[in-house]
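> Structure provided below as structure tokens; questions to follow.
The values are calculated or read from the model by the stated rules, or taken from the named source; none is laboratory data. Treat the numbers as computed from the prediction; the structure is a model and nothing was measured. Note: ideal-geometry Cβ built from the backbone for every residue, glycine included; neighbour counts use all protein chains shown.
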Amino acid sequence: MRELFGKNQFLETVRSGRAPIGFFNYIKDTTVLDIAGSVGFDFVIIDSEHAAMDRETIEHMIIAAQLNGVVPMIRVPDGIPYLLRNYMEMGAKGILVPHITSGEQCRKAQKALRYPPVGNASCCRSVHSDGYRPQNWTRYLEWVQDLSFIPMIEDPEGVDNLEDILKELQPGRDMVMFGKADYGQTIGSLNADGTINPAVNEAYLKTLEICKKHNIGFMACPSASPGGQTSEDVQKVINEGCTAVVLNTDQLTLADAMNNIVSKCLAMKIRS
């Protein structure tokens, strides 16, 4: 029998004093999440902003994450209320919304992710998260309260308005993530080799410090050399004060791993 209404293990890990580790899921195959669970990932961010995932596929990926002990989160393409609510109904325990630049955008998203009287999410008592049983509805309403809302700060306006944004977040539940690549693209300071320019890191560290001052958790994607991310990169962002760490996409990680093997083999000659 499927277990319903378990604790949000992402938040439980943070409360235990360890930074949970996740990755961006772009590959549309549940085997990725089977592997993620077997190696010990804490959470996954299933992507619908840049990856070609439809809602039916995302539902399958959420269920696969749950079955493998990986906390499912979703990055949406925009703060569209019905999408936010729908992924909550499917069982997501965290929602990331890109390009947040104002407190008003946060209020709109929070309303969509909370049921009345706190928010305005529409009610349906036949969803995956309540086990498709109307008698479970009141327990579901309690369980869903710890869903994490994670606005992504990816624009100078977001940094400028960060104080207003943080007023709409709940300490201990919600977090902020800083999108280095988008921020760098916006201000025209991405390096040609794919690494991050110091101007981007300056805004990143400023955002991190303001979040710490307000007791709001901070999720980071470690900068890496062109050869790919390492455990040392993860340790660096944890030392900076990050609460949770999300690695690159599964595609990038797979490409780096393959390249690290194959690139050394291409010049190998057959022995005569």
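> Please find, within the range 77-116, the residue that is surrounded by the fewest Cβ atoms within 10 Å (Cβ to Cβ) out of those that are of a type in the set (Val, Ile, Thr) and more than 24 Å from Glu12 (Cβ to Cβ).
Looking at residues that are of a type in the set (Val, Ile, Thr) and more than 24 Å from Glu12 (Cβ to Cβ), I get Ile80.
> Continuing with the same structure: If the requirement is being under 20 Å from Asp233 (Cα atoms) and either in contact with a helix residue (DSSP H, G or I) (Cβ under 6 Å, 6 or more places away or on another chain) or of a type outside the set (Asp, Glu) (or both), which of these qualifies: Ile196, Ile165, Ile150?
After ruling out the rest, the residue left standing is Ile196.
> Further, regarding this structure: Go through the range 130-150 and give me each residue that's free of Cβ contacts under 8 Å to residues at least 60 places away in the same chain and within 21 Å of the chain's Cα centre (by Cα).
Passing the criteria: Val144, Gln145, Phe149.
> Another question, then. Where residues in the range 79-104 are within 14 Å of the chain's Cα centre (by Cα) and not aliphatic (A, V, I, L, M), which of them is nearest to Gln170 (Cα to Cα)?
Gly94
> While we're on this one: Go through the residues of the range 8-31 one by one and say whether even a single one is touching a residue at least 24 places away in the same chain (Cβ under 8 Å) and acidic (Asp, Glu).
No, because not a single residue in the range 8-31 is touching a residue at least 24 places away in the same chain (Cβ under 8 Å) and acidic (Asp, Glu).
> Which of the residues spanning the range 117-159 are charged (D, E, K, R), buried (at least 17 other Cβ atoms within 10 Å of the Cβ) and in contact with a Pro (Cβ under 7 Å, 6 or more places away or on another chain)?
Of everything in the range 117-159, just one residue is charged (D, E, K, R), buried (at least 17 other Cβ atoms within 10 Å of the Cβ) and in contact with a Pro (Cβ under 7 Å, 6 or more places away or on another chain), namely Glu154.
> Hey, which of the strands (runs of 3 or more DSSP E) in the range 1-106, taking only ones fully inside, have at least 3 residues that are modelled with pLDDT under 95? Full working, then the answer.
Working: elements: 21-25, 43-47, 71-75, 94-97.
Qualifying strands (runs of 3 or more DSSP E): none found.
So that you can scan it fast, the table gives a plain yes or no per residue for (1) at pLDDT 90 or above; (2) acidic (Asp, Glu); (3) buried (at least 18 other Cβ atoms within 10 Å of the Cβ); (4) farther than 19 Å from His50 by Cα:
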| residue | (1), (2), (3), (4) |
| --- | --- |
| Thr195 | no, no, no, yes |
| Asn215 | yes, no, no, yes |
| Glu232 | yes, yes, no, yes |
| Lys236 | yes, no, no, yes |
| Asn239 | yes, no, no, yes |
| Ala244 | yes, no, yes, yes |
| Asn260 | no, no, no, yes |
| Ala267 | no, no, no, yes |
| Ser272 | no, no, no, yes |
